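In what follows, a single structure is set out as structure tokens and then discussed.
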Amino acid sequence: MAKPVIAITGPQIGAAGPRLMVALAVRFYGGKPLQLRPGDNPSDYEYQGVVVTGGHDIDPVLYASEPEVEPRYDKLRDHFESAVIDDALRRRLPLLGICRGAQLLNVRRNGSLFQDIKSQRRITSNRRTFLPLKTLEIEPGSLLAECLGPSRCKINSLHNQAIERTGYHLHVSGRDLDGIIQAIEDPGYGFLIGVQWHPEFLIFLRRQRQIFEALVESARQHA
């Protein structure tokens with residue numbers, strides 16, 4: 001059977017690390033990574049799954065809100081990845097959104113975001129870290145629980161925005177100890193997950209790799 005092709009989106013230039021780590025995880029489980037950037041035409045390529053990686057904040061105009069923080073937006077990438085997500089949803093392709101990717105997925109389903117999560121922190125630190133120092137509480141019976149197992153696990157945290165109101169058909173499948181949404185999914189879709197942390201930087205942990213394993217397997221079945 002041919003290897004399923006997984007499209008991995010990212011910025012036009014720079015920030016290659018997350019894409020390379022995602023590609024490594026995809027290859028590990030038998031997928032073929034395809035790097036897509038703003039300026040590419042997704043219709044020129046064949047792929048059976050999508051990963052939207054992390055990066056700059058989502059422009060609040062996309063969820064009908066006024067800017068509340070000093071902007072660090074990438075409007076070209078917002079437009080490009082919105083089109084990729086919309087096309088993947090239309091074709092019901094397996095889709096994984098990571099950090100910014102999870103936020104944009106939520107916005108494309110008409111959800112909204114907290115533009116700065118400092119005010120939402122009560123128990124946990126707002127310090128960003130690549131290390132798995134924060135606690136994820138997983139919703140029992142969710143697709144996320146199938147991937148990671150039902151018990152709590154440790155995650156990293158590199159974000160300053162987070163999901164506020166979930167978009168249509170999206171359910172919360174994970175929160176941190178402050179109740180901030182860390183994972184969303186659509187139970188009626190197939191494989192559609194958004195995670196707020198960066199599992200590509202935690203692929204040395206078997207539980208985190210299983211997210212990519214499930215994505216590749218779902219793409220294989222879709223193919």
Length added when fully stretched, N41-F204, from 0.36 nm per residue minus Cα-Cα: 55.4 nm
Within the accessible area of the chain (1.4 Å probe), percent carbon and sulfur: 53 percent
Nearby aspartates and glutamates by direct alpha-carbon distance to K118 (threshold 12 angstrom, same-chain neighbours under 8 apart not counted): D178
Counted charge near H169, where neighbours are those whose Cβ lies closer than 15 Å (Asp, Glu -1; Lys, Arg +1): +2
Estimated dipole of the chain in Debye, rounded to 20 [Cβ of Lys and Arg +1, of Asp and Glu -1, Cα centre]: 680 debye
In sequence order, calculated HN-Hα J values of the range 192-207 (Karplus, 6.51, -1.76, 1.60; Hz; x Gly/Pro): 9, 9, x, 10, 7, 8, 10, x, 5, 8, 10, 6, 6, 9, 3, 4
15 Å beta-carbon shell around F212, net charge (K/R +1, D/E -1): +4
Amide H contacts of E164 (H built 1.01 Å from N, under 5 Å, at least 5 apart or other chain): S112, L113, F114
Selected from S173, S157, S119 as most flexible by GNM, with the chain as the system and alpha-carbon contacts under 10 Å: S119
For G174, residues with placed amide H under 5 Å, excluding near neighbours: E139, Q182, A183
Accessible surface, per residue, of the range 120-169 when the full set of protein chains is kept, probe 1.4 Å, Å²: 57 Å²
In Hz, Karplus ³J(HN,Hα) per residue of the range 22-29 (6.51, -1.76, 1.60; θ = phi - 60°; x = Gly, Pro): 4, 4, 4, 5, 5, 5, 4, 9
Choice from R27, R77, R206 with maximal GNM fluctuation in the chain (Cα, 10 Å cutoff): R206
Partner lysines for K32 [C-alpha distance under 27 Å; skip if fewer than 8 residues away on the same chain]: K3
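The values are calculated or read from the model by the stated rules, or taken from the named source; none is laboratory data. Values in this document were obtained by computation on a predicted structure and should not be read as measured data. Neighbour counts are summed over all protein chains in view; Cβ atoms, including those assigned to glycine, are modelled from backbone coordinates with ideal geometry. Just the protein is used for accessible areas: all its heavy atoms, side chains included, with ligands, DNA and RNA removed. Shrake-Rupley method; radii C 1.70, N 1.55, O 1.52, S 1.80 Å.
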